[in-house]
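Worksheet for the structure shown next.
No value in this document is a laboratory result; all are computed from the given coordinates. What you see is a predicted model; the values in this text were computed from it and never measured. Cβ atoms come from the backbone with ideal geometry, glycine included; neighbour counts cover every protein chain shown.
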Amino acid sequence: MKKKLIINDEKDLNRFYNRLWLYRSFIYRFVYFYIDEDKYNVTPILKALNIKYRNSRIKCVINEACIYLDNYYKDKNYCDFKCYKCALHRSKKYNYKNGCCRACDYQSSGGCLTSNVACKLFYCKYITDKYDTLTIKDIKVLYVLSLFQRMTIGSDYFASVDDVAMDLYCWPLASTFRISMRMLKIYPRFRKVIKNEKL
């Protein structure tokens, strides 16, 4: 069954966002949404809603969120890396290289090897004081997820896209355990990196 959505103005758009919790529920399990004219760029949300398998929907939401973030920050160089040092570390005369990502498994000379929404959203206070940066509330496709999943995806740092997808797919307690174990695994390496930087 198909359901046509009509979004002509801001009031319709807000009504659509407020009903997302209902549209993603089992009531609409066999309903496919479409829109004739997309004035407010809700196509990524409809794409995710029309995927009825939970794991595939989660991966679609992560992918669409990363595309949105990459497009938004494409021409913005807020961290201002020069010689592997960000603006904050140059201003403080630190010897740190690769900024916030220096202890991550997925960093490389060509950039990040995975797509992580939390990492793409994160900017230190030095940057957020100078620039307007996006928050999780600005990425509307994430509202296809539950509140707990949005909280998880916004704080699931140093993880591959598959790990993040699994964290969102698990029950909250299992997800919290998985993230905690990953952070405990990363912590000694992070301490080692900082210790070496101070030498």
Per GNM of the chain with C-alpha springs under 10 angstrom, the most fluctuating residue out of Ala174, Ala65, Ala165 is Ala174
Cβ-based net charge around Ile139, under 15 Å, with every Lys or Arg adding one and every Asp or Glu removing one
0
Among Tyr78, Asn50, Tyr34, whose Cα projects farthest towards the positive end of the dipole of the chain, with charges put on the beta-carbon of Lys, Arg (+1) and Asp, Glu (-1)?
Tyr78
Going fewest to most other Cβ atoms within 10 Å around each Cβ, Val61, Val164, Val42 line up as Val42, Val164, Val61
Proximal lysines to Lys59, defined as alpha-carbon separation beneath 18 angstrom and excluding residues fewer than eight positions away on the same chain
Lys47, Lys120, Lys140
Note down the relative contact order for the chain as a percent, whole number, built from C-alpha pairs under 8 angstrom at least six residues apart.
21 percent
So what's the net charge close to Lys2: Lys and Arg +1, Asp and Glu -1, counting the other residues with Cβ under 15 Å from its Cβ?
+4
In what order do Phe33, Phe158 fall by count of nearby beta-carbon atoms within 10 Å, going from fewest to most?
Phe33, Phe158
Which residue, Leu134, Leu168, Leu13, has the most motion in a Gaussian network model of the chain that connects Cα atoms within less than 10 Å?
Leu13
With a 10 Å Cβ neighbour count serving as the proxy for reagent exposure, in which order, fewest first, do Asp156, Asp38 appear?
Asp38, Asp156
